[in-house]
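J.: Have a look at this one before I ask anything.
Only the coordinates and a few stated rules stand behind these numbers; no lab work does. Here the structure is a predicted model, which is why all the values come from computation and not from measurement. Backbone-built Cβ (ideal geometry, glycine too); neighbour counts: all protein chains shown.
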Amino acid sequence: MTTRSPDDEPDPEHRLVRRWATAVNDRDRLLAELRANGLDARAEGEVGIEVPVEGDGDGEELADELFEHAERVIMSIGAPFVPVKHEGVVYLRPPTN
């Protein structure tokens, strides 16, 4: 059996459903990996993740470390997510078109 990309789906409605399902699967893999690394990661919305910055010390420095760690995890599993820092939280979301 050949695996097709969601973009290869000829029906626009099926293409949308397959993209959403792929994003959910990627989100779940990334969420599990972040939690396995001891982070308080949780699902946010349908396909996003939020990771609050926690700990003692400089909040901005901790946020930078968390952001860099999230980038490494994203790259290691090949998930198409983009990390964004905002007010003490690192958000991870699929890119928008």
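J.: Rounded to the nearest 0.05, what FRET efficiency is calculated for GLU46 and GLU68 with R0 set to 22 Å and r the Cβ-Cβ distance?
T.: 0.25
J.: Using amide H atoms built in the peptide plane, which far-off residues or other-chain residues are under 5 Å from GLU44 H to H?
T.: Sorted by chain and number, the residues that satisfy this are ILE49, GLU50.
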